[in-house]
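In what follows, a structure is listed as structure tokens, so that the remarks can point back to it.
Please treat every number below as a calculation from the coordinates, not as lab data. Owing to the predicted nature of the structure, the values given are computational and were not obtained by experimental measurement. All Cβ positions, glycine included, derive from the backbone under ideal geometry; neighbour counts span all protein chains shown.
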Amino acid sequence: MALSDLVAQFFGSVLRGLFEAMVEALFMAPLRAMGLIATKPAFREAGPEAIRPLRHRVLREGRPLEDAIWPGDDEARHFLLEWAGSVVAVATIMQNAFPDGDGPSLQLRGMAVGPEHQGKGLGAQLVTGIQEAVGEPMWCNARMSALPFYEKQGWTAVGETFEVQGIGPHRRMISR
Ligand SMILES: CC(C)(COP(=O)(O)OP(=O)(O)OC[C@H]1O[C@@H](n2cnc3c(N)ncnc32)[C@H](O)[C@@H]1OP(=O)(O)O)[C@@H](O)C(=O)NCCC(=O)NCCS
């Protein structure tokens with residue numbers, strides 16, 4: 001892909017994010033508050049293309065768009081929440097053996113809620129939907145900042161803190 005295409009895609013993703021935040025604040029939030037549109041986002045399984053823009057915006061901001069394309073994406077299962085026509089939360093499930101001995105063989109990755117929607121229960125809704133869809137325990141590498149979120153969903157931290165290069169400290173966690 002040419003550099004100019006990458007730059008155009010990057011700014012396109014930034015502008016789309018700004019536009020979505022503006023539409024949410026000016027129109028969607030007031031309409032929801034008045035009970036005129038659905039109050040709960042819809043959960044569904046999707047292809048990798050549908051989840052990558054939000055994955056990039058939340059988890060790989062400021063990096064090339066390619067950083068949001070991960071090995072194993074084509075074989076993985078992807079899930080999202082859609083709210084008023086926008087993708088507001090995404091996550092991916094990969095078949096990956098637990099790295100520290102006995103443990104689940106499904107890894108939750110790329111858990112991301114749009115910044116303008118964080119703290120509204122969407123992360124919890126997405127994890128619950130995924131748990132019901134996959135029907136078996138999962139593990140993940142949780143950013144330290146997200147550890148309390150997973151604990152609230154009933155997940156347990158195991159092992160020592162470790163560093164993921166360029167991202168920061170993490171703990172391994174297992175769902176119940
Ligand atoms: C972490 C993240 C997925 C949580 O999703 P969310 O929609 O903001 O969280 P929810 O609103 O569903 O929160 C559910 C519960 O967890 C708590 N919680 C969520 N994030 C928290 C945090 N960082 N610290 C403490 N508690 C937190 C909420 O207070 C809520 O508690 P309650 O059930 O008592 O009301 C989201 O904030 C996010 O995408 N963050 C940036 C990217 C990231 O860190 N992803 C995880 C990578 S491992």
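Annotation for Glu132 and Val23: the two label points, set 7 Å from Cα along the Cα-Cβ direction, are 2.6 nm apart. Relative to the dominant Cα principal axis of the chain, helix 48-59 is inclined by about 90°. Per residue, the convex hull spanned by the Cα atoms of the range 1-74 measures out at 107 cubic angstrom. Its Kirkwood hydrodynamic radius, worked out from the mean inverse distance over all distinct Cα pairs, puts the chain at 17.2 Å. Shown for Leu26, Leu122: other C-beta atoms within 10 Å of each C-beta, ranked fewest to most, produce the order Leu26, Leu122.
Applied to the range 153-165, the Karplus parametrisation 6.51 cos²θ - 1.76 cosθ + 1.60 on θ = phi - 60° returns per-residue 3J(HN,Hα) values of 8, x, 7, 10, 7, 10, x, 7, 5, 9, 9, 9, 3 Hz, with x for Gly and Pro.
Computed from Cα positions, the angle between helix 122-134 and the longest principal axis of the chain comes to roughly 50 degrees. Relative to the longest principal axis of the Cα atoms of the chain, the long axis of helix 3-23 makes an angle of roughly 70 degrees. If you plug the beta carbon distance of Arg16 and Ile69 into 1/(1 + (r/R0)^6) with R0 = 22 Å, you get a FRET efficiency near 0.80.
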